[in-house]
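The structure appears right after this line, and notes come after that.
The values are calculated or read from the model by the stated rules, or taken from the named source; none is laboratory data. The shown structure was predicted, so the numbers you read here are calculated from the model rather than taken from an experiment. Reconstructed Cβ throughout: ideal geometry from the backbone, glycine too, with neighbour counts over all protein chains shown. Each accessible area value is taken on the protein alone, full model and side chains, heavy atoms only, with ligands, DNA and RNA left out. Shrake-Rupley method; radii C 1.70, N 1.55, O 1.52, S 1.80 Å.
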Amino acid sequence: MKNNVFHIGIIGMGPKGFLGFERLLANLESISKVKIEIHLFNLNRLFATGWIYDPQQPDYLKMNYPNIHISLQPLTAPSPILDFLSFSQWQAKQHGTNVEEENYKIASRAEVGAYFHHYFLRLMELAPKNITIHTYKNRVESIDKKGRNYLIYTSDTKFKSPYFYSLLITTGHSTSILSKKNENSSNENFVPFIYPIQEQLGSLPSNTIIACKGMGLTAIDSVLGLTEGRGGEFKLNAKKEWSYIKSGEEPLKIYPFSLSGIPIIPRNPNPIGSQKSFFFKRFIEDDTSKTKIFDFEKELLPLIKQDILGEYYFQLFKNYDIFLNLNQQFDRVEEEIKEFHLLHASEKKFKAADLFYPYFNDKELNLELPRYWRMWLAELKKNNSPLVAAARTWKNMSADFNKLYAADRLTPSSKSKFIKKYFSLFNRISFGPPVINIKKMLAIGDLGLLDFSYAKNPTVINSNTSTLTLNQCTTLFDILIDARIPRGYNKDCKVLFNEINSKPIFNYDNAKLNFNHADTIMCNEQGNPLDEQGNPDTKITLYGTPTEGFLFDNDTLSRKRNDTVSLWAKNAGELLKQQKDSYEK
């Protein structure tokens, strides 16, 4: 028994897989008399970075938040096996600058990837001598439970699986992406997924007309890949305004569109001001039942709107040297707002719907949407913008919302509606791109390359003659790009990890009418997958995107949000210590 080897697997070695790997090594460092083999499975060479943070991708692909929020330093015990610099410290060292100067810069995603990859290699070097690490560049296709252990089957038929003692699954969006690609593999004029950008968009012919499905962060990456990524350049003129210089390799025109047709809101890398309105937070704290199930639209959304209104008017009142007391009942706040408008009739009344659903004339979209972006750029220059304060609300309160979401305290129907409707809406408002990317979009639009004329839910026909139609106007296009991050899984695709001839380990929530589509993997708050009876498998842990239906806001680089991995690594270490102690006896 003393010669037994314990095998632990991590499936998906992007940034989340790296964070799990680091926590695992930290928890295993003190176990010196047990042979341990860690197996790291990844689809490609991009260990610790994934395709989003590929160190070899173009520099124009930027982060959407500043350096100060990026750090590999763990927030839980035990201490890591090496000291980590924060990303700002890392950048200061690379550039010969100081940390304060780097804190609020927006780095390229390639730079973040270099940071992660450097420390991945260091962890590989410094792993304890009793731990052997194996890396595999192939796809895990299924997992089979054998007694208390697991066998893994991969796309490499030569791989002989050991019996795994514990598994961490951090596959990100890769299974959803594979589903999407398989669904649309036969259409030559359709790009189902844009990453890696050089590979997916680089071969598209120039001087064509592109229809771009999506108007969020991924769509902005698409537009940059088709312009700056093809040799185009951005120049600052004497007025500090950006202009775009064509390379001649661009498309003739890019038509972005989405269901709402509302552009994403840019955000300031150095947000000013803290949260002032806490109606939602107080509601959560005052909930003594801790078990009540809420209808999102009827019971929670009104509180979110109250906080949005509170943030807006707190800043607006402050601009007039008036203090708005947000620690009172909301109906009293509303009375003070009414009194304010009686005294300041020139100030336009604000409501949350103005932020959620700004009005645009459908026949003037190519004028009104760029105008909307320019309005936001002007607001972001101010230190006292009520609109910016309102847009920040969801970012400030999302952690409180996650407490309810993770405890499964939304009614099933309203939870489904939140995922389908409000998740993207709040992301559009609070988690937008850096200002520089919107300035680039406007410069490209000024030349007519980017055209919003069909932005709001056009009729799309993608066939031999492909067209966009809106308001009885029609235009032809050559290629359709899906510039969205896919979610969910097609059950016909072999991406769900269940071994066909065995009892399924993973079960799926099927809120959609299409029975072949699985929305989310069923799991608990600790990330353990649940069987058909709702029992957790405590030796498997999901981390990040695979938990998305049950844990909200899985920021790729965050150690704080939904940290299922620290408990997984701690439990693995404690179980192995028990095994070691039993051997020594």
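Could you pull out every whole DSSP H run in the chain that spans at least 18 Å of Cα extent along its own axis and averages -1.0 or higher on the Kyte-Doolittle scale?
15-28, 109-126, 301-319, 330-343, 365-381, 393-406, 564-584
In terms of the Cα gyration tensor, with a ≥ b ≥ c the square roots of its eigenvalues, is segment 1-96 rounded because a/c is under 1.5, prolate because a/b exceeds b/c, or oblate?
oblate
Report in % the part of the accessible area of segment 22-77 that belongs to carbon and sulfur, leaving out ligands and nucleic acids; probe 1.4 Å.
Result for segment 22-77: 51 percent of the exposed heavy-atom area is carbon or sulfur.
Taking just the alpha carbons, could you work out the radius of gyration and Dmax for segment 379-450, both in angstroms?
Computed over the Cα atoms of segment 379-450, radius of gyration and Dmax are 16.5, 50 Å.
Of the listed pairs K318/K382; K145/K415; K290/K417; K240/K382; K213/K351, which have alpha-carbon separations greater than 24 Å here?
The answer is K145/K415; K213/K351.
With a 1.4 Å probe and all protein chains left in place, how much accessible area per residue does segment 370-422 have, in Å²?
Value returned for segment 370-422: 43 Å² of accessible area per residue.
For K33, K276, what's the largest-to-smallest order of accessible area, 1.4 Å probe?
K33, K276
Distance between Cα centroids, segment 97-123 to segment 298-369: provide it in whole Å.
Between the Cα centres of segment 97-123 and segment 298-369 lies a distance of 38 Å.
Quick check: pseudo-label points 7 Å beyond the Cα along Cα→Cβ at A77 and D321, how many nm apart are they?
Output for this residue pair reads 5.3 nm.
Under the definition of Cα pairs under 8 Å and six or more residues apart, what whole-number percent is the relative contact order of the chain?
Over the chain, the number comes to 20 percent.
Any of K363/K440; K239/K381; K35/K137; K105/K440; K62/K253; K16/K93 with alpha carbons more than 19 Å apart? Name them for me.
The answer is K363/K440; K35/K137; K62/K253; K16/K93.
Which of the three applies to segment 66-119, rounded, prolate or oblate, going by the alpha-carbon gyration tensor with a ≥ b ≥ c and a/c under 1.5 meaning rounded?
Prolate is the answer for segment 66-119, as a/c is 1.5 or above and a/b outweighs b/c.
Ignoring ligands, DNA and RNA, what percent of the 1.4 Å accessible area of segment 238-372 is carbon and sulfur?
53
For segment 119-166, what is Rg from Cα atoms divided by 2.2 N^0.38 Å, rounded to two decimals?
Cα Rg divided by the expected 2.2 N^0.38 Å: 1.38.
Please go through segment 335-389 and write out the chymotrypsin sites (Phe, Trp or Tyr not before Pro) that DSSP classes as loop and that have at most 15 other C-beta atoms within 10 Å.
For chymotrypsin sites (Phe, Trp or Tyr not before Pro) across segment 335-389 that sit outside H, G, I, E and B with at most 15 neighbouring Cβ atoms in 10 Å, the list reads Y359.
Label L377 and Q579 with points 7 Å out from Cα along Cα→Cβ: what is the distance between them in nm?
5.9
In segment 183-329, what percentage of the DSSP-assigned beta bridges are antiparallel, given to the nearest 5?
Percent antiparallel among DSSP bridges in segment 183-329 is about 45.
DSSP beta bridges in the chain, what fraction antiparallel, as a percent rounded to 5?
The answer is about 40 percent antiparallel.
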